[in-house]
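Visitor: The structure under discussion is supplied below as structure tokens; questions concerning it will follow.
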Amino acid sequence: MSKIDFKKLDRNSLERILKHYKVSYRVDQKATTLATLATRAFDNAPIPNELTVFEKFVSQISPTQDTIPEPVPEVVPTKKRRRDQLDSEHARIGEQVAANVSRIEENGGWILANILEYNSTTCTYVAQDEDDASRVMTLPLSDVKRLEDSAAHIQKGDKVISVFPDTTSFYRAVVVKSPKNPTHGNGAWEVIVRFQDDEDDSGNTPARRVPARFVLKRSDIEEISEEEYTS
């Protein structure tokens, strides 16, 4: 437990600490909340041992001509590397994620949530429902999916789950148009989808535009039968 009282720091100092530890936070959060996030990040930060510090020091003062070049890493397709990287690293405190609550609720599904705590011993998260701050859940790693802002891995026809506009819940949908790399405006990726059971009074299903970070391929979170995937 940290002996530093982060609550005595001003907001600018807390924000610099959170940025240093790469902890996500919202600008509307109170300073006391930022202090709590900073405390947890500080307590969970790994402590470098003497050997690690010494090796880093030696590498910085050694002549460049004596440096042994590191082997060139294997080139992995960007689409796969990004998803695999997200899945291999646990979410940070304060990070917005997709959370599967079907294990704890009879009619539950995937919702947006924020990470409050990660327990490396039990490999579980403590997450807070983004729509209801009083609702806090303990979830296994398999029920938490990190979000990505790019849609480069998504194509027309992909089966996905997506946050329905003006809600914090994910629903099944199909991508109706391959996303294009944004080249103007705010540069944010968007995905155009049609949700299941979203017919209007005339029986037509409208195409809806959703931010890429709120779209997950179903193949990344569940098994899809070949028959369903090609239908």
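The values are calculated or read from the model by the stated rules, or taken from the named source; none is laboratory data. No experiment lies behind these values; they were computed from the predicted model shown. Cβ placement follows ideal geometry from the backbone for every residue including glycine, while neighbour counts extend to all protein chains displayed. Each accessible area value is taken on the protein alone, full model and side chains, heavy atoms only, with ligands, DNA and RNA left out. Shrake-Rupley method; radii C 1.70, N 1.55, O 1.52, S 1.80 Å.
Visitor: When you go through R135, R213 one by one, which is the residue that is of a type in the set (K, R) and without any contact (Cβ under 8 Å) to a residue 60 or more places away in the chain?
Guide: R135
Visitor: Still on this structure: Find all pairs meeting these conditions: Cβ atoms under 6 angstrom apart; at least six residues apart or on different chains; first residue within the stretch 198-210 and outside any loop (DSSP other than H, G, I, E, B); second residue of a type in the set (D, E, K, R) and at pLDDT below 95.
Guide: As it stands, the answer is R209/E190, since those pairs meet every condition given.
Visitor: Determine the pairs where a residue that is closer than 14 Å to K217 by Cα and part of a helix (DSSP H, G or I), located within the stretch 79-102, has a partner that is polar (S, T, N, Q) and modelled with pLDDT under 90 with Cβ atoms under 8 Å apart, the partner being 6 or more residues away or on another chain.
Guide: Taking only residues 6 or more apart or on different chains, the pairs are R82/S150.
Visitor: Pick from the stretch 1-36 the residues that are aromatic (F, W, Y) and open to solvent by 50 Å² or more (accessible area, probe 1.4 Å): which of them is nearest to H90 (Cα to Cα)?
Guide: Filtering first and then ranking leaves Y21.
Visitor: Kindly indicate the residue of the stretch 176-210 that is within 22 Å of the chain's Cα centre (by Cα) and open to solvent by 100 Å² or more (accessible area, probe 1.4 Å) and also modelled with the lowest pLDDT among those meeting that condition.
Guide: N186
Visitor: So I115 clears everything in (1) within 13 Å of R213 (Cβ to Cβ); (2) modelled with pLDDT of 95 or more; (3) of a type outside the set (G, A, S) except one condition, right? Which one?
Guide: Against the list (1) within 13 Å of R213 (Cβ to Cβ); (2) modelled with pLDDT of 95 or more; (3) of a type outside the set (G, A, S), I115 comes up short only on (1).
Visitor: Residues being surrounded by fewer than 13 Cβ atoms within 10 Å (Cβ to Cβ) and within 20 Å of P165 (Cβ to Cβ): count how many of those fall in the stretch 211-223.
Guide: Residues flagged as surrounded by fewer than 13 Cβ atoms within 10 Å (Cβ to Cβ) and within 20 Å of P165 (Cβ to Cβ) within the stretch 211-223 amount to 0.
Visitor: Go through the stretch 127-137 and give me each residue that's open to solvent by less than 60 Å² (accessible area, probe 1.4 Å), farther than 18 Å from L34 by Cβ and in a strand (DSSP E or B).
Guide: Correct list: A127, D129, M137.
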